[in-house]
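Read through the structure below, which is laid out as structure tokens, and then see the notes.
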Amino acid sequence: MKAVFDARQWHHDPQYFMANGRVLPSPEQPERINRLTAGAEAAGCVFEAPADSGMPPLSAVHSAEYLHFLQTIHTRWQHIAEAGPEVIPNIHPANRSDGYPRSAVGQAGFHQADTACPIGAGTWEAAYWSAQSAVTGADLVAEGERAAYVLSRPPGHHAFADLAGGFCFLNNSAIGAERLRARGLRPAILDIDVHHGNGTQGIFYARGDVLTVSIHADPARFYPFFWGHAQERGEGRGLGCNLNLPLPRGTEDAAYLQTLEFALDRVRAFGADVLVVALGLDAHVDDPFRGLAITTQGFAAIGAALAGTGLPRLFVQEGGYLSDALGDNLQAVLAAN
């Protein structure tokens, strides 16, 4: 299987995030790259660098206002007296229709949903090349590859059209799906990260040309809390084209695989001719987030089920954090494809 990665993704090195009132080291560490690379290569992947397709594929999903913010905010932040090294918001609008401020602090609050997406000196460059990797992966699949893996880091599925969050800045899975759609295909996005793909849902919620399906830990008591509930079905032309399948905390392999079959039935009903897999590996029993309890053997069964669809598959890396099993879980999924 062909795989895509750009070394400039190393340049995003977040130091902090806040959880439960405590400032902690960010779990989204660059070391993830080493472990994911090892897992992909063990599955037979051969890596190549992405092409630079420029801003059009990014602006097909994200607003120009937001992209300008991401490109410029860190430099602007440094002009604030006693500013910290990373852009972290401390105030947020009550809703998206509130006024748009001119200040860096106000714009950070508008464009960053939480404290888990600090923007450092290398964040924009890493996010840009993470997204370009997804574009190149989509092109590989559109041009005949049966499956391709994209090591996108930082991840993307919590990023809305104009809002970062949850370690994510550019929505790589959405960018890849939109690239495939623009090339005449009918994509479905299947998100198997332990957290709901709220940004992906938001981007396509009122559209009927991309199906979004997410299997995740129940957000009633789990991030992202406000999105990912079963009643969220889409709106307007997108009504019925969004499917959320929240699972109880601690769900194990057998129940998960039953839910996956239900999800794949919806993909078939949509008439998708290509599948974008938002490949979170943080549903593993030993992942630091402890949301679900999937084993490495469970991930192998997930990979086999995805291969069994017969659809071309674009695997875009989402979560999956530092544990001894991270590389093994990736190998298990990809080896079946």
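Entry note, the chain: the mean residue ellipticity at 222 nm calculated from DSSP H runs of n ≥ 4, each adding -39500 (n - 2.57), is -10500 deg cm²/dmol after division by the residues and rounding to the nearest 500. The stretch 119-172 and the stretch 15-81 have Cα centres spaced 8 Å apart.
Taking label points 7 Å from Cα along the Cα-to-Cβ direction, Ala269 and Phe226 give a separation of 3.0 nm. With a Förster radius of 41 Å applied to the beta-carbon distance between His68 and Arg290, the computed FRET efficiency rounds to 0.65. Shape class of the chain from the alpha-carbon gyration tensor: rounded, with the ratio a/c of largest to smallest axis under 1.5. Net length available on complete extension from His92 to Glu41 is 14.2 nm, with 0.36 nm assigned per residue and the Cα-Cα distance removed.
Would the stretch 1-87 count as rounded, prolate or oblate if I go by the C-alpha gyration tensor, calling it rounded below 1.5 in a/c and otherwise prolate when a/b exceeds b/c, oblate otherwise? Oblate. Counted by neighbouring Cβ atoms within 10 Å, the residues Asp287, Asp265 run from fewest to most as Asp265, Asp287. Assign one of three labels to the stretch 193-337, namely rounded, prolate or oblate, based on the Cα gyration tensor with a ≥ b ≥ c the square roots of its eigenvalues; rounded applies when a/c is under 1.5, prolate when it is not and a/b is larger than b/c, and oblate otherwise. Oblate. Say a paramagnetic label sat at a point 7 Å from the Cα of Asp209, along Cα to Cβ; which residues of the stretch 115-134 have their backbone N under 14 Å from it? It comes to no residues whatsoever.
Every number here is computed from the coordinates shown, using simple stated rules; none is lab data. What you see is a predicted model, and the numbers here were worked out from it, not measured in a lab. Glycine gets a Cβ as well: all are built from the backbone with ideal geometry, and neighbour counts include every protein chain shown.
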